[in-house]
Amino acid sequence: MPLTLLVIWELLAIYINNPVILPRVEDVLKILLHPTVDLLGTGSLVSNALISIKRVLSGFIIASLLAVPLGILMGYFTVINALFDTVIELFRPIPPLAWVPLSLAWFGIGEVSMVFIIFIGAFFPILINTISGVKGVPKPLIEAALTLGAKKRDILVKVVIPASSPSILTGLRVGIGIAWMCVVAAEMLPGSNSGLGYLITYAYSLSRMDIVIAAMIVIGLIGLILDRGLRYIEKKYFFWRIAMK
């Protein structure tokens, strides 16, 4: 399939014969095969990718540290769920890009605004999957623990959290994917001068579509690697869940 796509791409590029619309495959490959070469004075593919990765991980980790504990508490304690549910459902449908004006007003132009947009994108899918995982723990498991004399805290730590871990991991996978989508938009904000998103915007302004496509491919590859890493963890530590499907 990838080879077929490359052939179709090359044939279309030859037919169109306009690199501003669709560059040749070899032009993009030249950039990908020399990832440390400076591009348009903005840095190399590698340096911009590392900056984007740093931003994504910063927003994603902050989102995970807040969303997972809150999701566990909301899923397990009815009172806490009632307290936060309306607020969560009010803000959840708002697209991350809608937060851009407020982000710039609150944090100004710079790294914090970009990380905040990434945080918003990752937070809600992680939270919702965590709540769903906790609420989806089979009742017989909890009842069995109660019968054996377990306290509510022990049930939470030793039954609910382990049983809901696969769903939490799914939320993390979705969250990291959305975080990568958000970083491109965040790096297009005013004041940004680095990262793959900025490189795409700047290259587009100069009609360098070969660089635009190369940066897009790098974003896709990094996202694939991160997702495969989380899938590996799922297969290694939650093989029982896969076997039950």
* To do: Being touching a residue at least 40 places away in the same chain (Cβ under 8 Å) and open to solvent by less than 60 Å² (accessible area, probe 1.4 Å) narrows it down to one of Ile213, Ile155, so name that one.
  => Ile213
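Could we say that Pro23 is over 28 Å from the mean Cα position of the chain (by Cα) and either within 18 Å of Ala215 (Cβ to Cβ) or part of a loop (DSSP other than H, G, I, E, B) (or both) here?
yes
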* To do: Scan the range 74-86 and give yes if some residue there is under 30 Å from Lys158 (Cβ atoms), crowded, with 19+ Cβ neighbours inside 10 Å, touching a residue at least 12 places away in the same chain (Cβ under 8 Å) and of a type in the set (Gly, Ala, Ser), otherwise no.
  => yes
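The values are calculated or read from the model by the stated rules, or taken from the named source; none is laboratory data. Quick caveat, the model's predicted, so the values are computed rather than measured. We place every Cβ from the backbone using ideal geometry, glycine too, and count neighbours over all the protein chains shown. Areas reflect the complete protein model, heavy atoms only, side chains present, ligands, DNA and RNA absent. Shrake-Rupley method; radii C 1.70, N 1.55, O 1.52, S 1.80 Å.
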